[in-house]
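Notes follow the structure.
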Amino acid sequence: MKTAIVILNWNGKKLLEQFLPSIVNFSSKEAEVYVADNASTDTSLSFIKQHYPSVKIITNNVNGGYAKGYNDALLNIEADIYCLINSDVEVTDNWLKPVLNVFNDDENTAIIQPKILDYKDKTKFEYAGAGGGFIDLFGYPYCRGRVFNNLEIDNNQFNDTSDIFWASGACFFIRSVVFHELNGFDEDYFAHQEEIDLCWRTQNRGFKIKYVGESRVFHVGGATLQETNPHKTFLNFRNSLLNVVKNVPTKWFLFVVFSRLILDGIAGVKFFIEFRPIHTWAIVKAHFSFYKKLPTFLKKRKKLNKNPNYNLHTSIVWQYFILGRKKFDNLK
């Protein structure tokens with residue numbers, strides 16, 4: 001299979017200097033490497049041309065965020081498999097073969113994520129994806145190896161290959177035919193959680209999402225938008241609500257939407273009590289933006305088949321904050 005590794009870049013010269021070498025060194029035999037540039041104003045492109053002439057460059061006219069950035073770039077790349085990878089990810093020797101083997105062995109697998117560990121502490125899983133993603137009853141995402149902000153130590157407990165609900169956008173493999181058939185990412189998200197929406201839609205077409213623990217990468221996380229940035233809070237809360245409106249099965253729709261609005265309000269109060277009012281205000285703005293987009297997303301809703309990976313019996317908020325279950329294996 002022809003594989004294209006595509007790094008989305010926006011003014012990320014320092015990150016490219018640090019992380020592009022591992023991607024080129026450990027990937028060139030199995031794949032072509034591309035940088036999709038989101039209208040950068042720094043010297044990223046001249047750096048690539050000078051030091052990595054084998055890396056192909058796709059230039060987008062505007063910075064459309066993660067969603068539009070990849071949608072625009074992938075129209076210009078011919079490959080069987082796309083690997084969408086953040087510019088702050090270090091890959092390891094032999095990271096591609098285990099993933100490509102699964103694609104070869106199972107035609108029904110459309111999306112794959114490797115094990116994602118923390119670049120700053122390589123003994124731990126990293127927030128964005130960890131050992132593969134899931135969704136609870138209220139549409140809150142969580143991972144094997146990461147529930148809310150609790151990051152587990154990697155003790156090889158997730159070295160398997162298994163079905164998951166969503167794959168991390170930090171390192172996201174997808175069959176090109178599926179990506180284009182589903183019209184790629186929903187650009188109304190701009191950034192954050194658009195990969196969960198795409199995974200949800202992919203499964204509703206009958207395809208599988210898998211995690212391959214034999215493949216390892218290390219992610220810095222927050223290099224383009226830090227966890228403390230209120231805009232990240234805004235995008236995460238708004239886009240998670242948009243996922244619920246767009247994808248939750250009809251019989252659960254009203255219950256889940258109203259419950260989420262209440263739970264988000266409680267989160268806002270929690271931020272305020274913790275002397276982080278700027279994040280409380282970010283949630284308020286997220287809800288106003290959600291209401292503005294609500295008519296559009298109601299139109300996007302389609303009749304969905306019940307997906308067995310959509311966990312209708314688990315509330316992560318209840319289990320984590322009330323029952324104190326901090327690890328994935330303790331969840332019920």
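Among the residues examined, S54 does not qualify as in contact with a Leu (Cβ under 8 Å, 6 or more places away or on another chain) and assigned to a loop (DSSP other than H, G, I, E, B). The set of residues in segment 151-176 that are exposed (fewer than 15 other Cβ atoms within 10 Å of the Cβ), outside any loop (DSSP other than H, G, I, E, B) and in contact (Cβ under 8 Å) with a residue 40 or more places away in the chain comprises S162, D163. The listed residues are Y142, Y211, and the only one of them that is assigned to a strand (DSSP E or B) and over 17 Å from I81 (Cα atoms) turns out to be Y142. Do you know which of the residues in segment 104-139 that are in a loop (DSSP other than H, G, I, E, B) and of a type in the set (S, T, N, Q) is surrounded by the most Cβ atoms within 10 Å (Cβ to Cβ)? Looking at the filtered set, the residue picked out is T123. Are any residues in segment 87-103 charged (D, E, K, R) and either under 26 Å from R201 (Cβ atoms) or part of a loop (DSSP other than H, G, I, E, B) (or both), and if so, which ones? Within segment 87-103, D88, D93 qualify. Considering every residue within segment 34-41, establish whether at least one is assigned to a helix (DSSP H, G or I), touching a helix residue (DSSP H, G or I) at 6+ places or on another chain (Cβ under 8 Å) and of a type in the set (D, E). For segment 34-41, residues assigned to a helix (DSSP H, G or I), touching a helix residue (DSSP H, G or I) at 6+ places or on another chain (Cβ under 8 Å) and of a type in the set (D, E): absent.
Here I81 passes the criteria (1) of a type in the set (A, V, I, L, M, F, W, C); (2) without any contact (Cβ under 8 Å) to a residue 60 or more places away in the chain; (3) buried (at least 21 other Cβ atoms within 10 Å of the Cβ) except the one numbered (2). Could you tell me whether Y70 is touching a residue at least 40 places away in the same chain (Cβ under 8 Å), of a type in the set (F, W, Y) and closer than 24 Å to V256 by Cβ? Answer is no for this residue. For Q203, indicate whether it is within 16 Å of the chain's Cα centre (by Cα), farther than 28 Å from G12 by Cβ and either crowded, with 17+ Cβ neighbours inside 10 Å or not basic (K, R) (or both). The answer is yes for Q203. Of all residues in segment 18-76, those being among the hydrophobic types (A, V, I, L, M, F, W, C) and under 24 Å from T92 (Cβ atoms) number 12.
Restricting attention to segment 262-315 and to residues that are among the basic types (K, R), modelled with pLDDT of 95 or more and surrounded by 15 or more Cβ atoms within 10 Å (Cβ to Cβ), the residue that is farthest from P249 (Cα to Cα) turns out to be K285. Is segment 255-268 home to any residue that is touching a Gly at 6+ places or on another chain (Cβ under 9 Å), basic (K, R) and under 30 Å from N94 (Cα atoms)? No, because not a single residue in segment 255-268 is touching a Gly at 6+ places or on another chain (Cβ under 9 Å), basic (K, R) and under 30 Å from N94 (Cα atoms).
Contact annotation: residue pairs with Cβ atoms under 6 Å, 6 or more positions apart or on different chains, pairing a residue in segment 44-55 that is closer than 11 Å to Y34 by Cα with a partner that is not in a helix (DSSP H, G or I), are I48/V35; I48/V55; V55/V33; V55/V35. Within segment 275-290, if we keep just the residues that are free of Cβ contacts under 8 Å to residues at least 40 places away in the same chain and assigned to a helix (DSSP H, G or I), the residue that is farthest from I262 (Cα to Cα) turns out to be P277.
The values are calculated or read from the model by the stated rules, or taken from the named source; none is laboratory data. Computed from a predicted structure; not experimentally measured. Cβ atoms come from the backbone with ideal geometry, glycine included; neighbour counts cover every protein chain shown.
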